[in-house]
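Read through the structure below, which is laid out as C-alpha cells, and then see the notes.
The values are calculated or read from the model by the stated rules, or taken from the named source; none is laboratory data. Predicted model only: the values in this text are computed from it and were never measured. Using ideal geometry, Cβ is built from the backbone for each residue, glycine included, and neighbour counts are taken over all protein chains shown. Side chains included, ligands, DNA and RNA excluded: accessible areas come from the protein's heavy atoms. Shrake-Rupley method; radii C 1.70, N 1.55, O 1.52, S 1.80 Å.
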Amino acid sequence: MGHKSIYIIRHGETDYNRRGVVQGSGVDADLNDMGRAQAQAFFAAYQHVPFSKVYISALKRTLQTAQPFIDLGIPYERHTGLNEISWGIMEGKVPGNVDDEYYRDLTESWSSGNTARSTEGGESPEQVRDRQKPVIDLILSRRDENPVLIAMHGRAMRILLSWLMNEPLSQMDNYEHSNLCLYKLDYDYETGQFTIELANNTAHLISLVMA
C-alpha cells in the first residue's frame with residue numbers, strides 16, 4: 001500500500017515570539033532576522049529532500065519560512081486549516097499578570113480534558129482539529145506527493161500531532177516545539193497509522209547557536 005513521509009516544521013522566529021507576545025491566527029507577523037536565518041539553516045540542511053509539495057498556512061510567517069523551497073520551483077498550497085489557533089482577546093498582548101493567569105487557567109483546563117473550551121473571542125483545540133482534518137485528508141489522498149513539507153504553527157502543531165497519534169487533545173503539551181523545529185512522520189497506508197521518526201528536532205540550527 002505504501003508510505004508517505006511528512007515533514008512538519010514550525011515557522012521561524014518573529015519579533016512577537018522573541019518578546020513573548022501572543023500571535024495566534026489574527027496576527028500576521030513577519031519573520032525577524034533570526035527567523036530568516038533559521039529558515040535558511042533548515043533549507044541548507046534539507047534542500048536535498050525531493051519534496052513533491054509544500055503546504056503552508058494562510059499566514060505569511062509560514063510562507064517566508066518555506067520560501068527557499070518554493071524558490072526551487074516546488075509547488076505549494078496555502079490552507080487556512082493549517083493556521084495557528086485563534087487566541088481571541090489574547091492576541092497581540094504583552095504578557096502581564098492578569099493575562100498570564102488567564103492563559104494558565106485556559107491551558108490547565110485543556111490539560112484536564114476540557115478541550116472544547118475556547119479562548120474568549122477565539123477557538124478551542126477541538127475547533128482547530130476539525131479544520132485541520134480536511135487538509136490532512138487531502139494531503140493523504142494525494143499518494144503521488146511524497147515526501148511533503150508542512151509549515152505551520154506551535155499550538156496548532158501540538159493539536160495536530162495529538163490527534164494524528166490517536167491521543168486525546170488534552171495530551172497536546174507533551175509535544176514540545178520551538179521555532180523552526182522539525183517533526184518527521186511516516187504514514188503507513190495499509191495500517192492508517194502515523195509514526196514519529198523525528199520529534200522537535202533542531203539539529204539543523206546548531207550553526208546558528210555556534211555563530
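Looking at E120, is it closer than 19 Å to E145 by Cβ, without any contact (Cβ under 8 Å) to a residue 40 or more places away in the chain and charged (D, E, K, R)? No; evaluated as a whole, the condition is false for this residue.
Of the residues making up region 102-131, those that are within 21 Å of the chain's Cα centre (by Cα), under 14 Å from M172 (Cβ atoms), open to solvent by less than 50 Å² (accessible area, probe 1.4 Å) and among the hydroxyl-bearing types (S, T, Y) are T107, T115, S124. Scanning region 13-54 for residues that are in contact with a Phe, Trp or Tyr (Cβ under 8 Å, 6 or more places away or on another chain) and of a type in the set (D, E, K, R) yields one hit, K53. Cβ-Cβ contacts under 8 Å between residues 6 or more apart (or on different chains), taken from a first residue in region 184-200 that is closer than 18 Å to M152 by Cβ to a second residue that is among the aliphatic types (A, V, I, L, M) and not in a strand (DSSP E or B), are listed as L185/L164; Y187/L140; F194/L164; F194/M165; I196/L161; I196/M165. Look at region 1-28: where a residue is closer than 13 Å to N179 by Cβ and part of a helix (DSSP H, G or I) and a partner is open to solvent by less than 30 Å² (accessible area, probe 1.4 Å) and among the small types (G, A, S), sitting 6+ places away or on another chain with Cβ atoms under 6 Å, you get Y16/A29. Residues in region 59-94 that are at pLDDT below 95, open to solvent by less than 60 Å² (accessible area, probe 1.4 Å) and not in a helix (DSSP H, G or I): W87, E91, G92.
In region 1-38, the residue that is surrounded by the most Cβ atoms within 10 Å (Cβ to Cβ) out of those that are of a type in the set (G, A, S) and under 14 Å from the mean Cα position of the chain (by Cα) is G12. Among the residues of region 174-206, those that are out of contact with any helix residue (DSSP H, G or I) (no Cβ under 6 Å at 6 or more places or on another chain), closer than 25 Å to T14 by Cβ and open to solvent by 30 Å² or more (accessible area, probe 1.4 Å) comprise N174, E176, S178, K184, L198, A199, N200, N201, T202, A203, I206. None of W163, W110 is under 29 Å from G20 (Cβ atoms) and either touching a Pro at 6+ places or on another chain (Cβ under 7 Å) or free of Cβ contacts under 8 Å to residues at least 24 places away in the same chain (or both) except W110.
Going by what's in this entry, would V49 be described as open to solvent by less than 20 Å² (accessible area, probe 1.4 Å), assigned to a loop (DSSP other than H, G, I, E, B), among the hydrophobic types (A, V, I, L, M, F, W, C) and over 22 Å from E176 (Cα atoms)? Here the answer is yes, as V49 does meet what is asked.
Would you mind stating whether G88 is closer than 30 Å to D33 by Cα and over 18 Å from the mean Cα position of the chain (by Cα)? Yes.
Residues that are within 22 Å of E91 (Cβ to Cβ) number at least 1 in the following strands (runs of 3 or more DSSP E) confined to region 119-211: 148-152.
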